[in-house]
Amino acid sequence: MEFYRSHVLVCTGTGCTSSDSRLLISGLRKELKDRGLEKEIQVIETGCFGFCNLGPIMVVYPEGVFYCRVKEADLKELVEEHFVKGRVVQRLLYREPGATVKTQEFNNIEFFKHQKRIALANCGIINPEKIEEYIARDGYFALAKVLHEMTPAGVIEELKKAGLRGRGGGGFPTGMKWDFAYKAKGDQKYVVCNADEGDPGAFMDRSVLEGDPHAVIEAMAIAGYAIGANQGFIYVRAEYPIAVERLQLAIQQAHDLGLLGKNIFGMGFDFDLDIRLGAGAFVCGEETALLTSIEGKRGEPRPRPPFPANSGLWGKPTIINNVETYANVPHIIRNGWEWFASIGTEKSKGTKVFALAGKIKNTGLIEVPMGTTLRTIVYDIGGGILNDKKFKAAQTGGPSGGCLSAELLDTPIDYDNLIAVGSMMGSGGLIVMDEDTCMVDIARFFLEFTQDESCGKCPPCRIGTKRMLEILTRITEGKGTPEDLNNLEILAKTIKSAALCGLGQTAPNPVLSTLRYFRHEYEAHIYDKKCPAGVCKALLSYQIDPEKCRGCGLCARNCPTKAISGKIKETFVIDAEKCIKCGACMEKCKFGAISKG
Amino acid sequence: MRSLEELKNLKAKTEKGLSLREDTGKPTITVHMGTCGIANGARTVLNAVLSELQARNLTDIHVTQTGCPGLCYLEPLVTITEPGKNPFVYSKVSSENVKKIIVEHLINGRPITEWLVNLEK
Amino acid sequence: MGCACQCGSGQKEDKFEFIDRVIERYKGQEGSMIPILHSIQQKLGYLPEDVQAYIAEKMEVPLSEIYGIVSFYTLFSTQPKGKHKISVCMGTACYVRGAGLILDELEKELGIRVGETTKDGSFTLEACRCLGACGLAPVLTVDGRVHGRLTVDEVDQVIAEYKDKE
């Protein structure tokens, strides 16, 4: 191996690639070469650091200097200053929200300080396209340990004692799931990885696949050994091209080194992996639907039991876990169950990855011990609400979850606490909302989503969610009646108990939880015909404040429907009949004279 | 992959390169690479440090660079920091005396006092 | 991007020959229908009825089964797409950061509704599911290239960038 004095890690996750990090890499390589530094400084493409809103991100080791939003035009200066003269480029350093001094040291940043990285341990550290770097970080040693020292039952026992629960939604104990498949009779068994991360606002699985694909491959091979399967499938969304590419490469590399294929480590264990692409159907994240989709059919769910552990892919015993769950497995095997069980809360062990997004300063990917409070996540790691507005709610669990209100900020987050407050862990999307978000509109947004994604097989979901959506739309249009709230609750309860699969059973959750914590907003829409957050267009009206209006006429010139009239230097007025509530006038007014309400 | 040994060898081989990225309390050699230092040959010094470390297989030593500390007349400067100890700054370092600094200071634990910058004076 | 023009220059491979080749590649593999449809759509741009019928005949399955799959998954299309495909992410993070307004603006600028293609065949407008680039919300992609942290004012620039591009 070549010896370099410095390593530059550039994130090539989806977030940063979208911010053109690839152009940056080629530019950087060229700049280094022009200055004859290409032998001293190595540029490494790496996975997501979880700090997506600051992309493209660059970390220079050994100093650990953290640069963000680096543009091509900055490269010349960066190379000249940092690599030739050895001076840190101050203006490109990360600046913590509210802080005036730019942070230089990567690990001292508030964003990273409260985190504990297990599933994301390698993301942003290793080059995901080099299997050797994974191995250098103890990769594939867990597989070696399992094959040399442990029985299948011993592996399952280890996971059970560690207390690992499924990270994809329901939180079912992983060890138990494997045990069912281990005990199921069958000559052929399968291991499946659910990487059909469909929850809007969740991207943790994508980041693991892009940043550390071998962790998933190693874990699936361990699972294969534990239950007696020698074939695995990874079902990935087609919307994640970078993840698919890296996985394909990783599988190839593992094959080349004999870490997949026949007679692994000479211990007589065979294991192979294939990738299957999703085709844009949210319901395929449900395990039985996913299995039908791998079989090449319409991805419709089927009733359980039989559970996949007994009758899964092509009727054979199958285990199915999500990406993050697998990513924890090699760490548990290497470090032992006691280590894992010492992290987290009584019934939720380990850590959880959250995709932090919405109206928050530091959007990105974080991993915290189970039991961390929402307040720590939002204020310490997330840096608080955008533009220092007021926190209104955090949405967890995607379309199956619910909204947590401000009074729940100090609740420790784990599986059971979230269910107790009417939400769920889900896959880990955590979307922060401020005073400008209308909770009725959010409930409608999620119902629109589930209604659109309902596969149509069972009537409670197909018809029930449609009726709920109609009621919600009516309320946001100011046509709601007092009975609507009651009807929503009846429908919600019926769908929850009668729908066939997880998608339907959890679809009413966003409505129920917003009704529980934000009922006053529904009532304002229904009784006062007002949208307190100023989102629902039909309930808005725009006014010009005569005190502030200087009569410049800019609003009138920008109004697409000519609804504003007046004489220059006199107060202008808006004709409510003609106004389409586009808000163009408010945006343009230089004096803040136009308000909505 | 036919045995655990093979995996261990591969790990050992790659680890060498990766250890650069972890900040553990290991000794650090810092070459001061301000404009003045470079003009005085800091780059040759740096390369000499790297090749000496590689030749002796000393991978648990960090090599890093920093800017000019203001003592331009003493350039090139090299600082050696060991955990828990005060940093030692060597002045007017050449690629020839790099070898001796590494051997005496880092391996034998005897800083070469006559080459150090004496700030009291 | 595949060529959907069927310009028939003679040198190009006939679309049915291409389908034969794809089916041959997956022969004997269980559950290969979706990968086959992915490959064919990638080349042809969409899956019209004659293509579906041909696949059904070759694979010896009823046409209804193929149509069932094509209509079930949103990534498969039976309609030709415009030269440039604009997809606006309607994930939650983008939605709360104003993706709806971006979509409205695009509809206005292009004079089409979501799911439609402009008359000159240059743009198709779609709303899509979360792209996982939530840190850059609101986000849209044009031909797979992501444009993030958008404001309503920037929409016309994005369109202009692609307007005369092949």
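Derivation of every value follows stated rules applied to the coordinates shown; laboratory data play no part. It should be emphasised that the depicted structure is a prediction, and the values quoted were computed from it without experimental measurement. Glycine also receives a Cβ, built like all others from the backbone with ideal geometry; neighbour counts cover every protein chain displayed.
Applying 1/(1 + (r/R0)^6) with r as the Cβ-Cβ distance of C:Lys119 and B:Asn47 and R0 = 56 angstrom yields a FRET efficiency of 0.30.
The modelled label-to-label distance between A:Lys161 and A:Thr373, using points 7 Å beyond Cα along the C-beta direction, is 3.5 nm.
Placing a label point 7 Å from the Cα of A:Lys116 along the Cα-to-Cβ line, the residues of the stretch A:383-413 whose backbone N sits under 15 Å from it are A:412-413.
Here each label is just a point 7 Å from Cα along the line to Cβ, and for C:Lys108 and B:Ser94 those points are 7.4 nm apart. For A:Lys596 and A:Arg29, what does the FRET efficiency come to when R0 = 30 Å and r is the distance between their Cβ atoms, rounded to the nearest 0.05? Working from the Cβ atoms, E equals 0.05.
Think of each Lys and Arg Cβ as +1 and each Asp and Glu Cβ as -1; about the Cα centre, that makes the dipole of the stretch A:74-220 roughly 440 debye.
Each part reduced to its alpha carbon centroid, the stretch A:513-546 and the stretch A:1-74 end up 47 Å apart. When the charge dipole of chain A is built from unit charges on Cβ atoms (+1 for Lys and Arg, -1 for Asp and Glu) and taken about the Cα centre, the candidate among A:Cys559, A:Gln252, A:Thr351 whose Cα reaches farthest toward its positive end is A:Cys559. Within the straight-line cut-off of under 30 Å between alpha carbons, the lysines reachable from A:Lys493 are A:Lys177, A:Lys347, A:Lys352, A:Lys392, A:Lys457, A:Lys466, A:Lys479, A:Lys529, A:Lys530, A:Lys537, sequence neighbours fewer than 8 places apart in one chain being disregarded.
Relative to the Cα centre, the charge distribution of the stretch A:541-596, modelled as +1 at Lys and Arg Cβ and -1 at Asp and Glu Cβ, gives a dipole magnitude of about 200 debye.
The DSSP beta bridges internal to chain A are antiparallel in roughly 55% of cases.
Between the exposed loop cleavage positions of chain C, defined as trypsin sites (Lys or Arg not before Pro) in a non-H, G, I, E, B DSSP state with at most 11 neighbouring beta-carbon atoms within 10 angstrom, the longest gap is C:28-112.
Starting from the 7 Å offset along Cα-to-Cβ, what nm value, one decimal, do you get for the label separation of C:Glu57 and A:Asp452? A separation of 3.7 nm, rounded to one decimal place. Look at the stretch A:83-95: the mean tally of other chain Cβ atoms within 10 Å of its residues' Cβ atoms is 3.
The trypsin sites (Lys or Arg not before Pro) of the stretch A:492-566 that DSSP puts in a loop, and whose beta carbon has at most 14 other beta carbons within 10 Å, are A:Lys529, A:Lys548, A:Lys562. Roughly how many whole Å is it from the C-alpha centroid of the stretch C:50-119 to that of the stretch A:206-234? After rounding, the separation between the Cα centres reads 32 Å. Estimated from the Cβ-Cβ distance and a Förster radius of 30 angstrom, the FRET efficiency linking A:Ile419 and A:Glu245 is about 0.20. Restriction of the trypsin sites (Lys or Arg not before Pro) in the stretch A:349-452 to DSSP coil positions whose beta-carbon has at most 11 other beta-carbons within 10 angstrom yields A:Lys390.
With both residues required to sit in chain C, DSSP beta bridges show an antiparallel share near 55%.
Once C-alpha pairs closer than 8 Å and six or more residues apart are averaged by separation and normalised to the residue number of chain A, the relative contact order reads 11 percent. Of the GluC sites (Glu not before Pro) found in the stretch A:432-462, the ones in coil according to DSSP and having at most 15 other Cβ atoms within 10 Å of their Cβ are A:Glu435. The helix-only estimate of mean residue ellipticity at 222 nm for the protein assembly as shown, built from DSSP H runs of length n ≥ 4 each weighted as -39500 (n - 2.57), is -10500 deg cm²/dmol after division by the residue total.
Taking a threshold of 28 Å on the Cα-Cα distance, which of the pairs A:Lys30/B:Lys99; A:Lys596/C:Lys108; A:Lys189/A:Lys496; A:Lys130/A:Lys361; A:Lys297/C:Lys119; A:Lys316/C:Lys27 fall above it? Beyond 28 Å: A:Lys30/B:Lys99; A:Lys189/A:Lys496; A:Lys130/A:Lys361; A:Lys297/C:Lys119.
Only the Cβ atoms of Lys and Arg (+1) and of Asp and Glu (-1) were treated as charged; on that basis the dipole of chain A about its Cα centre amounts to roughly 1320 debye. What's the percent breakdown of Cα-Cα distances in the protein assembly as shown across 20 Å bins, shortest bin first? Pair shares across the bins are 13, 42, 33, 11, 1. In units of the rule-of-thumb radius 2.2 N^0.38 Å, the stretch A:439-527 shows an alpha carbon radius of gyration of 0.99. Note on the stretch A:270-336 and the stretch A:135-179: Cα centroid distance 16 Å, given to the nearest whole angstrom. Taking each residue as 0.36 nm, the span from A:Phe172 to A:Asp545 lengthens on full extension beyond its C-alpha to C-alpha distance by 128.6 nm. Taking every residue in A:58-65 and counting other chain Cβ atoms within 10 Å of its Cβ, the average works out to 4.
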